[in-house]
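Structure, as structure tokens:
The values are calculated or read from the model by the stated rules, or taken from the named source; none is laboratory data. Keep in mind that this is a model prediction, so the values were computed, not measured. Virtual Cβ from ideal backbone geometry, glycine too; neighbours counted across all protein chains shown.
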């Protein structure tokens, strides 16, 4: 099995040594697509470090630039795996994923918030745990983050990430144009990521996810409901995923209905009960001392999600808000100036 592993990076340094240990003795090659900054030049002896001088297309643009580079240099792989720049391996060897690599597009599990030292870490970890469970149990499987694999033949055939601030989810919906492609989920955790550094970063992350998810879902709504291969269960799973970021709308609507009279407001009670049940399910693994803060935070996020809805509807495209994560012990280099969108390869990778 010959595998390419790709990391899009911006103000992040890939911990390449841990990945080399993970893939030792296998046919695995590493690529880092870095925008603007050059922090990952320190990894150039172990990976192909591709530099873009702009952030065009953001993470989707970075990933697509690596695909083009592979094709231009006539590289051959079985699968391409993609992770966030801050991810590290969660299992012992790349060989553990080989039995799962039999689909066109495959989503693995990953954990955020480790090690669990405080409130933000626990909340992030609990949310990710529920997201993994939810993703695996939906009939309409959708990419909701990193740790994914794409059969290289699809890339050769022209499959690319659509420009979106939620590029992974957009890829799921974009694949509907190819009626023979479905996303599959493997219940195997293969990577670990950091949690947001603070609540400000957490809010920015949630705003980005809400805005991007709702915009992408709105663009492909009609296609989902006319796709001949989808069952009603598939379509309901699609609606439930979008509903994760419509909590603000339902809460505002409940207050409006309450103002119209108690009898009318009772119509919204089932939705509020469903939302509360989802919150409590997410908290299964977290210490009970964090429950009040988490429940309060979810309802405080109503304003953020409402803003995300407005931005998704009003703005066709949007800027990219990076979620700050801790990079203790890593010295950052000064940023380069943005120029035209060109790619330079710092150093040719070597094969492991």
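Table for the structure above
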| read-out | value |
| --- | --- |
| Condition met for residue 80 (within 17 Å of residue 150 (Cβ to Cβ), part of a strand (DSSP E or B) and either without any contact (Cβ under 8 Å) to a residue 60 or more places away in the chain or over 15 Å from the mean Cα position of the chain (by Cα) (or both)) | yes |
| Test for residue 239: is it under 20 Å from residue 312 (Cβ atoms) and without any contact (Cβ under 8 Å) to a residue 12 or more places away in the chain | yes |
| Filter result for residue 145 (out of contact with any strand residue (DSSP E or B) (no Cβ under 6 Å at 6 or more places or on another chain) and either more than 25 Å from residue 12 (Cβ to Cβ) or not in a loop (DSSP other than H, G, I, E, B) (or both)) | no |
| Test for residue 148: is it closer than 22 Å to residue 20 by Cα, within 18 Å of the chain's Cα centre (by Cα) and buried (at least 16 other Cβ atoms within 10 Å of the Cβ) | yes |
| Residue ID - farthest from residue 57 (Cα to Cα), chosen from residues in segment 9-28 that are part of a strand (DSSP E or B) and either more than 23 Å from the chain's Cα centre (by Cα) or modelled with pLDDT under 95 (or both) | 27 |
| Hits in segment 90-124 (condition: assigned to a helix (DSSP H, G or I) and surrounded by fewer than 21 Cβ atoms within 10 Å (Cβ to Cβ)) | 95, 96, 97, 98, 99, 100, 119, 120, 121 |
| Verdict on residue 129 being modelled with pLDDT of 80 or more, over 21 Å from residue 198 (Cβ atoms) and either surrounded by fewer than 21 Cβ atoms within 10 Å (Cβ to Cβ) or touching a helix residue (DSSP H, G or I) at 6+ places or on another chain (Cβ under 7 Å) (or both) | no |
| So residue 244, is it buried (at least 17 other Cβ atoms within 10 Å of the Cβ) and either touching a residue at least 12 places away in the same chain (Cβ under 8 Å) or touching a helix residue (DSSP H, G or I) at 6+ places or on another chain (Cβ under 9 Å) (or both) | yes |
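Okay, residues lined up against (1) closer than 19 Å to residue 224 by Cβ; (2) touching a helix residue (DSSP H, G or I) at 6+ places or on another chain (Cβ under 9 Å); (3) touching a residue at least 24 places away in the same chain (Cβ under 8 Å):
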residue: 100; (1), (2), (3): no, no, yes
residue: 117; (1), (2), (3): no, no, no
residue: 120; (1), (2), (3): no, yes, yes
residue: 125; (1), (2), (3): no, yes, yes
residue: 135; (1), (2), (3): yes, yes, yes
residue: 140; (1), (2), (3): yes, yes, yes
residue: 145; (1), (2), (3): no, yes, yes
residue: 157; (1), (2), (3): no, no, no
residue: 168; (1), (2), (3): yes, yes, yes
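Rundown of residues vs (1) surrounded by fewer than 15 Cβ atoms within 10 Å (Cβ to Cβ); (2) more than 17 Å from the chain's Cα centre (by Cα); (3) at pLDDT below 95; (4) more than 21 Å from residue 183 (Cβ to Cβ), yes/no style:
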site	(1), (2), (3), (4)
3	no, yes, no, no
30	no, yes, no, yes
36	no, yes, yes, yes
85	no, no, yes, yes
